[in-house]
1. For a footprinting-style exposure proxy, rank Val167, Val43 by other Cβ within 10 Å, fewest first.
2. Return Leu142, Leu174, Leu79, Leu70 ranked ascending by Cβ neighbour count within 10 Å, so the fewest neighbours appear first.
3. What's the exposure ranking of Lys2, Lys68, going from fewest to most Cβ atoms within 10 Å?
4. Modelling each spin label as a point 7 Å along the Cα-to-Cβ direction, I'd like the Leu87/Trp165 distance in nm, to one decimal.
5. Over the C-alpha atoms of segment 6-55, what are the Rg and the largest Cα-to-Cα span, Dmax, in Å?
6. FRET efficiency for Lys68 and Met1, Cβ-Cβ distance as r, R0 = 41 Å, nearest 0.05?
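No value in this document is a laboratory result; all are computed from the given coordinates. For clarity, every value in this text was computed on a predicted model and none was experimentally measured. Quick reminder, even Gly has a Cβ in these numbers, built from the backbone with ideal geometry, and neighbours come from all protein chains shown.
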Amino acid sequence: MKAVLLSFFRIFFLCAAVCADTFAAAFGFGAGQIRIPTGSALVLSAVSAAALAFSILAAGWFAPFLPKALVSWLPCLILCGSGLFKLFDSALKRLIRRLPQPGREISFSFLQMRFLLRVWADPAAADTDRSLILSTGESVALALALSADGVAVGLGGGFSGLSPWAVFFCCTALNLFCILAGGAAG
């Protein structure tokens with residue numbers, strides 16, 4: 001029982017740390033009067049959670065091919081690296097916001113890295129049609145931009161043996177909560 005409870009708390013706090021960006025983005029949408037409909041919220045939550053779960057699966061696949069000493073240290077190194085990245089997160093976002101726009105209008109494409117970086121730096125940029133409603137397609141782009149740190153954290157979690165399914169469902173639920181709470185607070 002104690003092991004199950006400990007595993008639950010590890011998964012919960014990992015997901016809570018990853019979902020903090022979702023809360024901040026939803027807060028910004030709420031403050032900007034941009035609505036996130038239920039379908040878009042579900043897509044945003046599921047895509048972000050799937051990226052995290054897939055990275056946990058990938059780490060589980062690679063772990064048998066790596067030396068045991070590396071597998072024991074790699075989760076710590078990845079999570080510490082992710083934490084250091086978060087320390088410099090705002091400076092990097094300011095730099096990306098200053099990059100020139102690729103054109104007058106941002107065309108919607110998953111393969112435009114500059115667009116994804118702009119959405120990561122300024123989540124309100126995901127509302128490409130400026131309708132003040134985040135469409136399902138726009139929520140996919142936002143989810144991909146917000147999932148970058150989740151992929152790194154997922155690799156660390158996968159090397160430490162977390163269940164990808166438990167993480168997927170916990171992260172989806174927490175993401176939905178963060179979208180609702182962030183939108184309402186904004």
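1. Numbers: Val167 27, Val43 21.
Ordered from fewest to most neighbouring Cβ atoms within 10 Å, Val167, Val43 come out as Val43, Val167.
2. Numbers: Leu142 29, Leu174 23, Leu79 19, Leu70 11.
With the fewest neighbours first, Leu142, Leu174, Leu79, Leu70 line up as Leu70, Leu79, Leu174, Leu142.
3. Details: Lys2 6, Lys68 9.
Result, fewest neighbours first: Lys2, Lys68.
4. If labels sit at Leu87 and Trp165, their model points lie 3.9 nm apart.
5. Reported Rg and Dmax, both Å: 12.6, 40.
6. 0.90
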